[in-house]
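The values are calculated or read from the model by the stated rules, or taken from the named source; none is laboratory data. This one's a predicted model, so the numbers in the text were calculated from it and none came from an experiment. Heads up, the Cβs are rebuilt from the backbone with ideal geometry, glycines too, and the neighbour counts pull from every protein chain shown.
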Amino acid sequence: MKSAIILLSGGLDSATTLYYAKQKGFKTFCLIFDYNQRHKKEIEHAKRIARISKSGFQVIKIRLPWKGSSLLDKKIPLPVNRTMIPDEIPSTYVPARNIIFLSFAASYAESIGAGAIFIGANAIDYSGYPDCRPQFYRAYQAMVNKGMKAGVEGRTIKIYTPLIRKAKAQIIQLGLKLKAPLDLTWSCYGGGAKPCGRCDSCVLRERGFMEARGKRSEVR
């Protein structure tokens, strides 16, 4: 069976991506990152999703002591109560986060002979994030092809971004179709025990569920 590395945060997008990869016939191995994020609760949700999906998983602990993001530095306020999310780089952007995560995934993939990496990046809802754009993934794919043993030897590790051009409601509809446990996903950036309902991620989640199903989301 072909194998794939899944970057699993515990959110809607990554959970849907995991189940998409499984539906495509991949044996899935998840990487879950503890980077001292404000919303560490997502880690436990990611582990539950990995177990339910019968995927292998590892929790990778890294530290970015220079911070530079409201997800890492509580002195930087989170954007909240925004009905319109502007097309700009928000304070929740973590410098080079997806570059770092993909590098771990590429190393893991080459080490175990996996031919694919799946990431739930989205250029519609997170258009302000430079590392969620299609051109970033094309450039990263070229780097993997040229800079890794697997690529040089003709065993390219393919990076898949199946949600890159889908709106949140479309992602939710796909997740439901794939029977992904969306009720186990965690989206909130607030860092509390329950979703704050005010941060951009909560707003996008609720808007997506209302458009997709006509009712609010559930989290358990």
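Cβ-Cβ contacts under 7 Å between residues 6 or more apart (or on different chains), taken from a first residue in the stretch 158-173 that is in contact (Cβ under 8 Å) with a residue 40 or more places away in the chain to a second residue that is surrounded by fewer than 21 Cβ atoms within 10 Å (Cβ to Cβ) and among the small types (Gly, Ala, Ser), are listed as Lys158/Gly115; Lys158/Ala116; Tyr160/Ala116; Ile164/Ala123; Arg165/Ala123; Ala169/Ala212; Ile172/Ala212. Residues in the stretch 175-201 that are modelled with pLDDT of 95 or more, within 15 Å of the chain's Cα centre (by Cα) and closer than 19 Å to Asp125 by Cα: Gly175, Leu182, Thr185, Trp186, Ser187, Cys188, Tyr189. Are any of the residues in the stretch 22-44 touching a Pro at 6+ places or on another chain (Cβ under 8 Å) and modelled with pLDDT of 95 or more? The answer is no, given that none of the residues of the stretch 22-44 is touching a Pro at 6+ places or on another chain (Cβ under 8 Å) and modelled with pLDDT of 95 or more. In the stretch 132-157, the qualifying residues are those that are farther than 30 Å from Pro90 by Cα and among the polar types (S, T, N, Q), and the one that is modelled with the highest pLDDT is Asn145.
In the stretch 164-220, how many residues are polar (S, T, N, Q) and assigned to a loop (DSSP other than H, G, I, E, B)? Break it down stepwise before answering.
Residues of the stretch 164-220 that are polar (S, T, N, Q), as a first pass: 170, 173, 185, 187, 201, 217.
In the following step, the residues that additionally are assigned to a loop (DSSP other than H, G, I, E, B) were identified as 185, 187, 217.
Matching residues across the stretch 164-220 total 3.
Only a single criterion out of (1) touching a residue at least 60 places away in the same chain (Cβ under 8 Å); (2) touching a Phe, Trp or Tyr at 6+ places or on another chain (Cβ under 9 Å); (3) buried (at least 18 other Cβ atoms within 10 Å of the Cβ); (4) part of a loop (DSSP other than H, G, I, E, B) is not satisfied by Ala123, namely (1). Within the set Phe136, Phe101, the sole residue that is in contact (Cβ under 8 Å) with a residue 12 or more places away in the chain, under 22 Å from Leu163 (Cβ atoms) and in contact with a strand residue (DSSP E or B) (Cβ under 9 Å, 6 or more places away or on another chain) turns out to be Phe101.
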